[in-house]
Amino acid sequence: MVKRELVQWRYVWTAHKPLFVIPLLLWLLAVIAGTTSQQFSKEMTALVLYPALAFPMLGLMSQIGSSEQKELWITLPAAPWTAGALRPLLLSLLYAGLYAAVLRQYFDAAEVWAGFVSAVLYMQITAVLVALFKHNAFGLCLALCYLFFGMFTGGSGQGPLYLLQWYRQKLGTSPEAFVTVQAAACAAAAVLTAQLIRFRERFHLLKD
């Protein structure tokens, strides 16, 4: 089991290395920028690095989201809870942890914690959308649309699932106001992704 997981992680890393490396490079740039301009680094962390957190999830979910392999994926044996819940959650926690390490330089503890949970949720939303449409481009575009809509409208219509609450709070709320709900949403998204994979033969959007 462990050997199989290591093979899977090695495969996605080798096959889609740029998707995993881009956020790491942006993370490094944000750290370096902080030595000269903290305000620029802060804005870059929230407005550039945060959206790029979707890329590693695309790499992990590449087998599901590849339009060239879509029909193969429908019949390919897969462990739904491993492929849909465990792996995406572990990847989300890893990159969200790195993201929180940068946030600590510019935000207080409550904002960092809220940003960490929000980053996990953002990556989980990306995983759900890729599994739903079985298409990486659709998953990425819809996740970015959701993120930027909330960014430019202050979370209008998104309720407690407003991802940038920790950065631009809704009027009359605190940075950590939605942490509990968003943490629960992370768990729900993991379960949903697993179920979409489990029943992928029956539920197939964007059919050819």
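No other residue among 162, 99, 146, 106 is in contact with a helix residue (DSSP H, G or I) (Cβ under 7 Å, 6 or more places away or on another chain), open to solvent by less than 60 Å² (accessible area, probe 1.4 Å), without any contact (Cβ under 8 Å) to a residue 24 or more places away in the chain and not aliphatic (A, V, I, L, M) apart from 162. Of all residues in the range 120-143 being farther than 18 Å from residue 186 by Cβ and of a type in the set (A, V, I, L, M), which is surrounded by the most Cβ atoms within 10 Å (Cβ to Cβ)? Result: 140. Within the range 109-119, can one find any residue that is more than 18 Å from residue 56 (Cα to Cα), open to solvent by less than 60 Å² (accessible area, probe 1.4 Å), touching a residue at least 24 places away in the same chain (Cβ under 8 Å) and within 16 Å of the chain's Cα centre (by Cα)? There is at least one residue in the range 109-119 that is more than 18 Å from residue 56 (Cα to Cα), open to solvent by less than 60 Å² (accessible area, probe 1.4 Å), touching a residue at least 24 places away in the same chain (Cβ under 8 Å) and within 16 Å of the chain's Cα centre (by Cα).
Here's the yes/no breakdown for (1) over 22 Å from residue 15 (Cβ atoms); (2) modelled with pLDDT of 90 or more:
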site: 38; (1), (2): yes, no
site: 48; (1), (2): yes, yes
site: 56; (1), (2): no, yes
site: 65; (1), (2): no, no
site: 69; (1), (2): no, no
site: 76; (1), (2): no, no
site: 91; (1), (2): no, yes
site: 95; (1), (2): no, yes
site: 100; (1), (2): yes, yes
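Just wondering, is there one or more residues in the range 165-177 that are within 17 Å of residue 50 (Cα to Cα) and assigned to a helix (DSSP H, G or I)? Give the steps one after another, and end with the answer.
Step one: list which residues in the range 165-177 are within 17 Å of residue 50 (Cα to Cα), which gives 165-169, 175.
Retained after the next criterion (residues that are assigned to a helix (DSSP H, G or I)): none.
No: the range 165-177 contains no residue that is within 17 Å of residue 50 (Cα to Cα) and assigned to a helix (DSSP H, G or I).
Note on the range 173-195: residues that are open to solvent by 70 Å² or more (accessible area, probe 1.4 Å) and under 23 Å from residue 106 (Cβ atoms) amount to 1. Of the listed requirements (1) open to solvent by 10 Å² or more (accessible area, probe 1.4 Å); (2) out of contact with any Pro (no Cβ under 9 Å at 6 or more places or on another chain); (3) in contact (Cβ under 8 Å) with a residue 24 or more places away in the chain, residue 156 misses just one: (3).
What number of residues in the range 30-57 are open to solvent by less than 90 Å² (accessible area, probe 1.4 Å), part of a helix (DSSP H, G or I) and in contact with a helix residue (DSSP H, G or I) (Cβ under 8 Å, 6 or more places away or on another chain)?
First, pick out the residues of the range 30-57 that are open to solvent by less than 90 Å² (accessible area, probe 1.4 Å): 30-31, 33-34, 37, 41-57.
Subset that is part of a helix (DSSP H, G or I): 30-31, 33, 41-52, 54-57.
Right, trim to in contact with a helix residue (DSSP H, G or I) (Cβ under 8 Å, 6 or more places away or on another chain) and you get 30-31, 33, 41, 44-45, 47-52, 54-57.
Of the residues in the range 30-57, 16 are open to solvent by less than 90 Å² (accessible area, probe 1.4 Å), part of a helix (DSSP H, G or I) and in contact with a helix residue (DSSP H, G or I) (Cβ under 8 Å, 6 or more places away or on another chain).
The values are calculated or read from the model by the stated rules, or taken from the named source; none is laboratory data. What you see is a predicted model; the values in this text were computed from it and never measured. Heads up, the Cβs are rebuilt from the backbone with ideal geometry, glycines too, and the neighbour counts pull from every protein chain shown. For the accessible areas, the whole protein counts, side chains as well, though only heavy atoms, and no ligand, DNA or RNA atoms are used. Shrake-Rupley method; radii C 1.70, N 1.55, O 1.52, S 1.80 Å.
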